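The values are calculated or read from the model by the stated rules, or taken from the named source; none is laboratory data. Please read all numbers here as calculations on a predicted model, not as lab measurements. Every residue, glycine among them, receives a Cβ derived from its backbone with ideal geometry; neighbour counts consider all protein chains shown.
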Amino acid sequence: MAGYEFLTTWLLDAPREDVWDAIWDSGEWPTWWRGVVEAVETDPGTPCGVGRRGRYAWRSRIPYPIRFEVVSTVVERPRLLEGHATGELEGVGRWRFLEQDGATAALYEWNVQTTKPWMNLVAPLARPVFRWNHDQVMRWGGQGLARRLGCRLLASS
């Protein structure tokens, strides 16, 4: 399997709780996050959200949808959210939320491996394209979240 490590940071002029709520409510992502074509909760997990399971499909500039499920493994509202992905991508995603002076930094780590044989076969050549594609989707997410919250996206990287 081909492995990928991504780190995205959004700095939003919004309270941490608002940013957390929008990320936690993944069923609404398709309404504001370009590229998300499916986000369905299939199991709510425990009352605090650990064990929550969701099914996701993403499509961006590459005309191929990526499908996977995520089960939340750590939920520490409003600071940390972590989940384990299985499907066409397998690995760990981790959101960290930090607030200072009314601005919130949302940091997302996405450490995954591709499981489709064709993706693994083309990985040596396609890795830069896959990275560019991921970065594009995350830029769309930061922009969409700012619109959703009615705030400014101060920085995105």
Across region 94-147, what is the total count of residues that are in a helix (DSSP H, G or I), β-branched (Val, Ile, Thr) and within 25 Å of THR73 (Cβ to Cβ)? 1
Tell me, please, whether a residue that is touching a residue at least 24 places away in the same chain (Cβ under 8 Å), at positive phi and surrounded by fewer than 17 Cβ atoms within 10 Å (Cβ to Cβ) can be found in region 58-75. no
Considering region 76-115 alone, what residues qualify as being within 24 Å of SER156 (Cα to Cα), among the polar types (S, T, N, Q) and free of Cβ contacts under 8 Å to residues at least 60 places away in the same chain? GLN100
Residues of region 41-61 being in a strand (DSSP E or B) and more than 17 Å from LEU89 (Cα to Cα), in sequence order, are GLU41, THR42, ASP43
Residues satisfying the stated conditions in region 108-142, i.e. of a type in the set (A, V, I, L, M) and either surrounded by fewer than 16 Cβ atoms within 10 Å (Cβ to Cβ) or touching a Pro at 6+ places or on another chain (Cβ under 8 Å) (or both): LEU121, VAL122, LEU125, VAL129
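Output the residues belonging to region 17-37 that are in a loop (DSSP other than H, G, I, E, B) and of a type in the set (A, V, I, L, M, F, W, C). Quick ask: steps written out before the conclusion?
Filtering region 17-37 for residues in a loop (DSSP other than H, G, I, E, B) gives 25, 33-35.
Within region 17-37, just TRP33 meets the criteria.
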Among (1) under 27 Å from MET119 (Cβ atoms); (2) basic (Lys, Arg); (3) within 12 Å of the chain's Cα centre (by Cα), where does ARG59 come up short? (3)
Looking at GLY93, GLY83, can you tell me which residue is more than 24 Å from ARG147 (Cα to Cα), modelled with pLDDT of 95 or more and among the small types (Gly, Ala, Ser)? GLY83
